[in-house]
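Engineer: Sharing a structure below in structure tokens format, with a few things to ask.
Each reported figure results from applying straightforward, stated rules to the coordinates on display, with no laboratory input. Just so you know, these numbers come straight off a predicted model, no measurement behind them. Cβ: placed from backbone, ideal geometry, glycine included. Neighbour counts: every protein chain shown.
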Amino acid sequence: MTTRHFLSGIYAAALTPLKQDFSVDASAVGPLLHFLAARDCRGALLFGTTGEGPSFSVKEREIVLGAAREVRHTYPDFRLLAGTGTPSLDETIQLTRMAFDLGCDGVVVLPPYYFRKISDDGLFTWFDAVIRRAVPQGGYLLGYHIPMQTNIPLSIDLIARLKEAHPHKFAGIKDSSGDKDFAAALGRKFGHDLLVLNGNDGLLLHALEYNAGGAITAMANLYSPMLNQVWNIFIQGGDPIEAQEQLNIRRRVLDRYQPFPAIMKALLARQHGFDRWAVRPPLLPVNAEVEENCLRELRECDQVDQGY
């Protein structure tokens, strides 16, 4: 039997609670993480794309990460990951150190996304410095592969170099490319030696079939039980294709209502009674018509499932 990585499983790309004046609502962080843990999330990524990560200062991230530790009192095995990548090498190192100092199990690090057409040598030098200067023994770094946002892909060759140079601290990548061929190439190249957490709900089963170790997705804020159903059936040797299709139906609905932070915050409030958190500019909240249309479509999905 393959030994799964310490960080394997289903994670929520957690929303960041904001007050209406756009300041962080630290008092809401604990309840959100308790909600996710109670719905069987393995953990949460704070300050990823869904968490509007690049929009927050070092101090704001410190406040949220400090508040996040409270979840461990009730759920000691809940894994905490933090997005710490910025275009600044020094700031990325500072944020990464801070995340580990505040009890995070790992970090998910964007490549430096201002300069384009960066060579693998340049990216290796950058990531190598972050790992050497900021990741402690027992800590894990995952590269964040989301080229549609950064325009800087993490190549297979770069990933292999980082894994060879840092076999334990460089755990793997969060693959949010949405590229089936890339997911398959990762699995063929690395097997289970590289931790891949897929970022696209619709590709969860495909990624698992190519040795992925789980997922970090926006939909897990709302549908973690469905993601876990795919995961659990798969690791138990069953066929989760029907469970995957239920995810796909809802993902196709939500894909029509991007960007995710705004619609997810609206849906979490409507479906689960959380406060209606703001999004930080330049993002804007969804309007009432969009919100109602999305909610109606998702309810229709649920009615079909229940046979109505």
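Engineer: Tell me the helices (runs of 4 or more DSSP H) entirely within the range 87-206 that contain at least 2 residues that are closer than 27 Å to Pro240 by Cα.
Structural biologist: In the range 87-206, the matching helices (runs of 4 or more DSSP H) lie at 180-190.
Engineer: Give the residue that is farthest from Met226 (Cα to Cα), with candidates limited to residues of the range 261-285 that are buried (at least 20 other Cβ atoms within 10 Å of the Cβ) and touching a helix residue (DSSP H, G or I) at 6+ places or on another chain (Cβ under 7 Å).
Structural biologist: Val279
Engineer: Would you mind stating whether Ile249 is outside any loop (DSSP other than H, G, I, E, B), free of Cβ contacts under 8 Å to residues at least 24 places away in the same chain and β-branched (Val, Ile, Thr)?
Structural biologist: no
Engineer: While we're here: Give the residues of the range 208-243 that are more than 27 Å from Gly83 (Cα to Cα) and in a helix (DSSP H, G or I), sorted by residue number.
Structural biologist: Passing the criteria: Ile233, Phe234, Ile235, Ile241, Glu242, Ala243.
Engineer: Still on this structure, I have one more. Looking at Thr125, is it hydroxyl-bearing (Ser, Thr, Tyr), surrounded by fewer than 16 Cβ atoms within 10 Å (Cβ to Cβ) and farther than 25 Å from Pro285 by Cβ? Give the derivation first.
Structural biologist: Values: hydroxyl-bearing (Ser, Thr, Tyr): yes; surrounded by fewer than 16 Cβ atoms within 10 Å (Cβ to Cβ): yes; farther than 25 Å from Pro285 by Cβ: yes.
Spelling it out, Thr125 is indeed hydroxyl-bearing (Ser, Thr, Tyr), surrounded by fewer than 16 Cβ atoms within 10 Å (Cβ to Cβ) and farther than 25 Å from Pro285 by Cβ.
Engineer: Also: Residues that are part of a helix (DSSP H, G or I), touching a helix residue (DSSP H, G or I) at 6+ places or on another chain (Cβ under 9 Å) and within 17 Å of Ala67 (Cα to Cα): does the range 38-51 have at least one?
Structural biologist: no
Engineer: Sticking with this structure for a sec: Just name the residue that is surrounded by the most Cβ atoms within 10 Å (Cβ to Cβ) out of those in the range 193-205 that are out of contact with any helix residue (DSSP H, G or I) (no Cβ under 6 Å at 6 or more places or on another chain) and not aliphatic (A, V, I, L, M).
Structural biologist: Gly199
Engineer: Let me ask something else. Any residue at all in the range 12-27 that is part of a strand (DSSP E or B) and closer than 20 Å to Asn228 by Cβ?
Structural biologist: Here is the first cut: in the range 12-27, the residues part of a strand (DSSP E or B) are 12-13, 18, 24.
So of that shortlist, the ones also closer than 20 Å to Asn228 by Cβ come out as 12-13.
Within the range 12-27, one or more residues are part of a strand (DSSP E or B) and closer than 20 Å to Asn228 by Cβ.
Engineer: Of the residues Tyr210, Tyr257, only one is farther than 26 Å from Thr3 by Cβ and either acidic (Asp, Glu) or crowded, with 19+ Cβ neighbours inside 10 Å (or both); which? I'd like the intermediate steps shown before the answer.
Structural biologist: On the way: Tyr210 fails: farther than 26 Å from Thr3 by Cβ.
After ruling out the rest, the residue left standing is Tyr257.
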